Amino acid sequence: MTAGTELLTVPQVMERLQLGRTAVYDLIRARRIPAPALDHLITTRLDQEAA
């Protein structure tokens, strides 16, 4: 992990993805995830939906 990488809490991920707590824990297995990884996931999903 690089210096300055933002780490998100479960509630922050819940808010960004509009998912419930259980769904988020299923996705990340109770770990914090880097914000760029979440951004990549969101972008990929949006691109898939637009196709």
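Numerical summary
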quantity: Region 27-51, subset among the acidic types (Asp, Glu) and more than 11 Å from the chain's Cα centre (by Cα), residue modelled with the highest pLDDT; calculated: ASP47
quantity: Output for region 1-26, where each listed residue is of a type in the set (A, V, I, L, M, F, W, C) and at pLDDT below 85; calculated: MET1, ALA3, LEU7
quantity: Cβ pairs under 7 Å, 6+ apart, first in region 12-41 and surrounded by 12 or more Cβ atoms within 10 Å (Cβ to Cβ), second assigned to a loop (DSSP other than H, G, I, E, B) and of a type in the set (Gly, Ala, Ser); calculated: MET14/GLY20
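The values are calculated or read from the model by the stated rules, or taken from the named source; none is laboratory data. Since we're looking at a predicted model, the values are computed, not measured. Virtual Cβ from ideal backbone geometry, glycine too; neighbours counted across all protein chains shown.
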